[in-house]
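The values are calculated or read from the model by the stated rules, or taken from the named source; none is laboratory data. Worth saying up front: this structure is predicted, and the values here are computed from it rather than measured. Note that we place each Cβ from the backbone using ideal geometry, even for glycine, and neighbour counts take in every protein chain shown. Calculation scope for accessible area: heavy atoms of the full protein, side chains included, ligands and nucleic acids excluded. Shrake-Rupley method; radii C 1.70, N 1.55, O 1.52, S 1.80 Å.
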Amino acid sequence: MLSGSAVLRVLLLILAAAGLAWIIQSVWLHGPDSEAAAPAAATVTPGRPSGAASALPPPAPVRVVRPAEPSPEPPRPVAEAPPPALPASPPADPAPSPAPVARTAPPESDPVAEAEENAPPAAVSLIDLNTASLAELNSLKGGGAIGRTIVQHRPYASVDQLLSKRVLNRATYQRIKDQVSVR
């Protein structure tokens, strides 16, 4: 059996749904012109009792479109104007060809630049869990706002205590474990 509060909730949901349906029908579907057309929709339809209003809008007037009558005279062709005469001018000098580009040998490879490009990514400075500030702990990549929780559970003997003390979940721990240390 439903309790009184459950029945009240169901009734409130039904009222809310009815209110939303009314708003959608009156504002969204009919638009602002529906207020002027509302009295016309409540007309009495023949064959119905006088107290029943028609739920359907009145039929739209039908327009009769007649084809255009052919004109008695065919259209006259438009005389084409002769193209404008171009002034006589001497032929322009051909554009000078661009100067040949001197080809240079490829630059010598710089061993220092190549070593920098091929080097592994720079090591991230490790943040000490016991001495780091709240801002430093929150700036860990992949950690989010975990600084306050880490600070509340200090001191730590190892990084693994983030899991054993249930400070972080395993996924967050996996993302930040290479960025933190305990000294």
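General remarks:
- The residue of the stretch 1-41 that is modelled with the lowest pLDDT, among those that are in a loop (DSSP other than H, G, I, E, B) and surrounded by 10 or more Cβ atoms within 10 Å (Cβ to Cβ), is Gly31.
- Exactly one residue out of Ala157, Ala135 is hydrophobic (A, V, I, L, M, F, W, C) and not in a helix (DSSP H, G or I): that is Ala157.
- For the stretch 163-183, filtered to residues that are open to solvent by less than 70 Å² (accessible area, probe 1.4 Å) and under 15 Å from Thr131 (Cα atoms), the residue that is farthest from the chain's Cα centre (by Cα) is Val182.
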